[in-house]
1. If you fit an axis through the alpha-carbon atoms of helix 86-98 and take the longest principal axis of the Cα set of the chain, what angle between them do you get, 0 to 90°, nearest 10?
2. In deg cm²/dmol and to the nearest 500, what is the mean residue ellipticity at 222 nm of the chain if only DSSP H runs of at least 4 residues count, each as -39500 (n - 2.57), divided by the residue total?
3. One quarter of the convex hull surface, Cα atoms only: what value does that give for the range 107-245 in nm²?
4. Evaluate the relative contact order of the range 142-220 (contact order divided by residue number), counting alpha-carbon pairs under 8 angstrom at least 6 apart; express in whole percent.
5. Express the carbon and sulfur contribution to the solvent-accessible surface of the range 311-368 as a percent, rounded to the nearest whole number, probe 1.4 angstrom.
6. If you place +1 on the Cβ of every Lys and Arg, -1 on the Cβ of every Asp and Glu, and leave all else neutral, what size is the dipole of the range 243-330 about its Cα centre, to the nearest 20 Debye?
7. Distance from the Cα centre of the range 308-326 to that of the range 95-115, in angstrom?
8. 7 Å from Cα along Cα→Cβ at both ARG53 and VAL225: what's the point-to-point distance in nm?
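The values are calculated or read from the model by the stated rules, or taken from the named source; none is laboratory data. Computed from a predicted structure; not experimentally measured. Positions of Cβ are backbone-derived with ideal geometry, glycine not excepted, and every protein chain shown enters the neighbour counts. Each accessible area value is taken on the protein alone, full model and side chains, heavy atoms only, with ligands, DNA and RNA left out. Shrake-Rupley method; radii C 1.70, N 1.55, O 1.52, S 1.80 Å.
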Amino acid sequence: MGCMKSKILPFLIVGCAIPVLTGAQTADDQIASIMSTYVREDGPGCAVGVVRRGELVYNRGFGLANLEHGVPVTSDTVFRIGSVSKQFVAAGVALLALRNELDLDANIRSILPDLPQYEHEITVRHLIGHSSGIPDVYKLLEVLGHDSDGNFYPSELTLEIIYRLKELNFEPGSKFEYSNAGYLLLAQIVEAVSGQTLRQFADENIFAPLSMDNTHFHDDHRQVVINRANGYRQNSTGQWELRNSNFYVVGDGGVFTTVGDLARWEGNFHQHQLEQGPELQQLMTAPFEYSVSEPEFMGKSVDYGFGLFLDEHKGNSMIWHPGGWAGFQAAAARFPNEQLSLIILCNKAQAGMKDVFYEVSDEILGAK
């Protein structure tokens, strides 16, 4: 397959080898071989992007964005990215803090007074670091028998439950416990401080300045999204089923985007296009300090910044976040010392994504 320029985004090179890497064609073939273990040509697919020094140097689609119509995944395919969205909520909080419009150490009840009176004070910073002690609301919804994709209960119920929770799992600041509830509240804090919806604030302050024209917080489930991929999951007989969600409360997730747009976001950490760029990057990548225990994720110790895991992979510093929701899986990682980023967006909920992600990471790091 030869190199092709995207008609919609001319700077994107689609289906091409990685031109900046040694043995570029070999690297391209190897990535395709790795992806073939996870994606079939006639099944749900993935888009893979590699960013070098802020420039998208590899962008290729595998499999189908829509099974009913046989639409392939391309450079323009829009995916739901689940918890990869958290860094954009955190970036909104960081921008407000850098403007001195929001105190990260403020009691969250001073901003959201309808929250319960907790035994301990919870700050904005506690929410950012998954250290508030507020239980993860989705586990409670599943216990109550609600659909895990958010289709068969009112979306507002999620927030209603959070506002009823008075008991904390632990003293805020003492430990790390991943909680989507905290990021749903952070979205409300951005809205309360800015006077805009989270979608409006992100559009105006993050997505538009970076020309992320295919990216938004999906707070209207009836909205038509051009080039949108459907989400899929295999049932017990091996057949693919649609897993799209009509959930529209955003904050813990909810971003729809493309590989090309996420490449622009990754590029911002090289080129600092947003206001107070260096200060924003420093704030977002400063690890939260826990008073009792260190955080663990996927079975190993990590640090956590602003919606980002501060991790390492085989000796390489890695700033990243995975996500999964309603038939989608995604991961975006930055290897700052190598000036490389890897983005993989998939419209299938299937085991193996983590292994594929690490294999492709090894390939681009080895081929640099």
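1. Result, in degrees: 60.
2. When only DSSP H runs of four or more count, the value is -8000 deg cm²/dmol.
3. Details: hull surface 42.7 nm².
Approximately 10.7 nm², given one-decimal rounding.
4. 15 percent
5. Percent of accessible area from carbon and sulfur atoms in the range 311-368: 42.
6. Here the size comes out at about 380 debye.
7. Centre-to-centre distance over Cα atoms comes out at 27 Å.
8. The two pseudo-label positions are separated by 3.4 nm.
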